[in-house]
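Let me begin by presenting the structure, written as structure tokens, before commenting on it.
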Amino acid sequence: QSERTSVSSKRIRVKKQRTLVVGQWIEVEVVDGVTKTTRHPDDQAMMKVIADTQEKQGRAVELVYRRLNFVNGVPYEYYWTTDDENQRRHGGLSVQRLRVSDWRELIALEKGGHLRGCGFYVPRPESRGGCDCKACRYAAERIRHLGR
């Protein structure tokens, strides 16, 4: 066999960059009958995290992951996060994945109060392992349909 190898028989590996994501932890608890929502970091500090991350990485942050922790059950103000009665009763975790521009719009509406549900969730990116759950399939279909 010849020592020459055609270009078509070689595999060229292109490393795909992972989607650049920043995270915000949201603690939700009911204290003396009042729902308390605490952001870590708060929204102003989160804007700085986004700017610093973009500067350090040399590219735009694409998504904000809000990880919600319901300490003692899911209060009524957050029923939009789940239909699961067991989770509503006992609490647990939920995730809200948003494009940075959508996150900025949402925090302007929330004004530091309770989080809001929104119609522009994004599915888990393929570059981060993807997801085939019902919510991610629905979000992907909406994005395709709306052309967002």
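The values are calculated or read from the model by the stated rules, or taken from the named source; none is laboratory data. Just so it is clear, the structure is predicted and the values come from calculations on it, not from any experiment. For neighbour counting, all protein chains shown are included, and Cβ atoms are generated from backbone atoms with ideal geometry for every residue, glycine included.
Summary table
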{"read-out": "Selection count where residues are over 20 Å from ILE26 (Cβ atoms) and either modelled with pLDDT under 95 or charged (D, E, K, R) (or both), scope the range 58-72", "value": "1"}
{"read-out": "Selected residue (criterion: nearest to VAL61 (Cα to Cα)) from residues of the range 103-127 that are crowded, with 19+ Cβ neighbours inside 10 Å and at pLDDT 70 or above", "value": "TRP103"}
{"read-out": "Positions within the range 49-75 being without any contact (Cβ under 8 Å) to a residue 24 or more places away in the chain and either in contact with a Ser or Thr (Cβ under 8 Å, 6 or more places away or on another chain) or of a type in the set (D, E, K, R) (or both), in sequence order", "value": "ASP52, GLU55, LYS56"}
{"read-out": "Residue match in the range 18-33 (condition: closer than 17 Å to CYS118 by Cα and either modelled with pLDDT of 95 or more or assigned to a strand (DSSP E or B) (or both))", "value": "yes"}
{"read-out": "Test: residue in the range 78-87 that is touching a Pro at 6+ places or on another chain (Cβ under 9 Å), β-branched (Val, Ile, Thr) and either under 14 Å from ARG116 (Cα atoms) or modelled with pLDDT of 95 or more (or both)", "value": "no"}
{"read-out": "Residue count, the range 14-67 (criterion: among the small types (Gly, Ala, Ser) and in contact with a strand residue (DSSP E or B) (Cβ under 7 Å, 6 or more places away or on another chain))", "value": "1"}
